[in-house]
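Here's the structure we're looking at; comments come further down.
The values are calculated or read from the model by the stated rules, or taken from the named source; none is laboratory data. From a predicted model like this one, the values you see are computed outputs, not experimental measurements. Counting neighbours? That spans all protein chains shown, and the Cβs are built from the backbone with ideal geometry, glycine included.
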Amino acid sequence: MAVNYDPQAAHEYYENYTKKGILKGRRSTKGFSQTQKEQWAYAKHQLSEEHKAINKGITETGKQKRSTLSEAAKERRKALSNSCKEQISALRDRIKGASKEEKAMIRDEVNGMIEQLRGQLKAGKEQISTQLKSGREQITASTKASREAEKTAYEKRKDEAYETIKGAKKTEKKKK
């Protein structure tokens, strides 16, 4: 398989991945003493565990928000359905209490009102579903942004730990 070398694509790769930090994170331990290598391994492990715990917390918070949102939507749908059922029941009771002549006159009017209430119920439920979907999308976007911010903070913490350990090397040389 022949690979076509594209200098422009290679340059973009370099710019996007190396300079902007996507491939950053490979930190050389060349010249480190054994103690510093152990410190770096320990620091990486600790920072990794902290990063995992924070991400787990972000995930749990997102799940909890989604659950709360779903429960609220469920309650609103139920309240809307109950309200509609009560109104329909009241309209049907109005027919039951009327005489035969009145029933014939009222029946078409009441049936029309019942259909209108059912249409309103359907529209209300659709609106709740749309709001629920929108809320879930916002929570997902918020969770994603939190994860990205944590990833950036994690890389910064790793850089600081590396520089601290690397700085310890310089002070060791000065003492000697």
Candidate set: segment 94-136, residues that are farther than 22 Å from residue 81 by Cα and touching a residue at least 12 places away in the same chain (Cβ under 8 Å); chosen: the one surrounded by the fewest Cβ atoms within 10 Å (Cβ to Cβ): 107
Among the residues of segment 153-171, is there at least one that is more than 30 Å from residue 30 (Cα to Cα), among the aliphatic types (A, V, I, L, M) and exposed (fewer than 14 other Cβ atoms within 10 Å of the Cβ)? no
What are the residues in segment 58-73 that are over 17 Å from residue 124 (Cα atoms) and surrounded by 14 or more Cβ atoms within 10 Å (Cβ to Cβ), if any? 58, 61, 62, 65, 66
Candidate set from segment 14-63 (those that are modelled with pLDDT of 70 or more, of a type in the set (Gly, Ala, Ser) and part of a loop (DSSP other than H, G, I, E, B)); member that is nearest to residue 158 (Cα to Cα): 28
So which of 161, 73, 145 is out of contact with any Cys (no Cβ under 7 Å at 6 or more places or on another chain) and free of Cβ contacts under 8 Å to residues at least 12 places away in the same chain? 145
Taking segment 80-93, which residues are under 21 Å from residue 128 (Cβ atoms) and exposed (fewer than 12 other Cβ atoms within 10 Å of the Cβ)? 82, 86
